[in-house]
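**Student:** Take this structure, written in structure tokens, and hold onto it; I'll ask about it next.
The values are calculated or read from the model by the stated rules, or taken from the named source; none is laboratory data. Owing to the predicted nature of the structure, the values given are computational and were not obtained by experimental measurement. Cβ coordinates were reconstructed from backbone atoms using ideal geometry, including for glycine residues, and neighbour counts include every protein chain displayed. When the accessible area is computed, the model is the full protein with side chains, heavy atoms only, and any ligands, DNA or RNA have been set aside. Shrake-Rupley method; radii C 1.70, N 1.55, O 1.52, S 1.80 Å.
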Amino acid sequence: VEAEKVDVCECEFNPDFLRSMYAKLDWTAFRETALSLKLDELPETVSEEMLAGDEQFLRAFHHILLEVQIEEGALICPETGRRFPITKGIANLLLNEDEC
């Protein structure tokens with residue numbers, strides 16, 4: 001991720017939602033994305049105890065997952081290097097005709 005403009009919008013803290021989302025995430029990729037945004041509050045690994053009741057961890061996870069919004073920038077494919085622009089918070093993942 002290359003971020004040119006990042007906004008932070010507060011939203012309601014819901015630990016149960018975070019626990020259910022964690023199971024659906026590739027934690028390594030999520031953490032690497034956070035690090036690319038200079039957000040280094042996330043641990044390398046997550047334990048069941050952290051998910052069950054570590055409020056500091058859950059609030060950091062909540063902040064990065066739900067409150068940090070990339071408004072302008074690009075997503076970069078790690079395999080091809082292809083850039084997908086993000087404009088007004090929306091990523092354009094469409095390929096050009098010559099890329100199909």
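**Student:** By how many degrees, between 0 and 90 and to the nearest 10, does the Cα long axis of helix 27-36 differ from the longest principal axis of the chain?
**Tutor:** So the helix axis and the longest Cα principal axis differ by about 70 degrees.
**Student:** Ok, one more. Of GLN56, PRO78, LEU37, which is farthest towards the positive pole of the chain's charge dipole, taken about the Cα centre with +1 and -1 on the beta-carbons of Lys, Arg and Asp, Glu respectively?
**Tutor:** The one lying farthest along the dipole's positive direction is PRO78.
**Student:** Let me ask something else. Relative to the present Cα-Cα distance, how much length would full extension add between VAL8 and ASP54 at 0.36 nm per residue of separation?
**Tutor:** Details: separation 46, 0.36 × 46 = 16.56 nm, distance 2.25 nm.
Going from the current span to full extension adds 14.3 nm.
**Student:** Please calculate how many Å² of accessible area the chain carries per residue, with a 1.4 Å probe and no DNA, RNA or ligand atoms counted. Please report the intermediate quantities before stating the final value.
**Tutor:** Numbers: 7010 Å² over 100 residues.
The answer is 70 Å² per residue.
**Student:** Additional query: About the Cα centre of the chain, how large is the charge dipole given +1 on each Lys and Arg Cβ and -1 on each Asp and Glu Cβ? Please answer in debye to the nearest 20. Walk me through the intermediate numbers first.
**Tutor:** Values: 9 positive and 22 negative charges, 24 e Å.
So the dipole magnitude of the chain works out to roughly 120 debye.
**Student:** What does the charge dipole of the stretch 10-62 about its Cα centre add up to, to the nearest 20 debye, if the Cβ of each Lys and Arg holds +1 and the Cβ of each Asp and Glu holds -1?
**Tutor:** Rounded to the nearest 20 debye, it is 180 debye.
**Student:** Carbon and sulfur together cover what percent of the accessible area of the chain at a 1.4 Å probe radius? Before the final figure, lay out each step's value.
**Tutor:** Numbers: 3520 of 7010 Å².
Accessible surface attributable to carbon and sulfur in the chain totals 50 percent.
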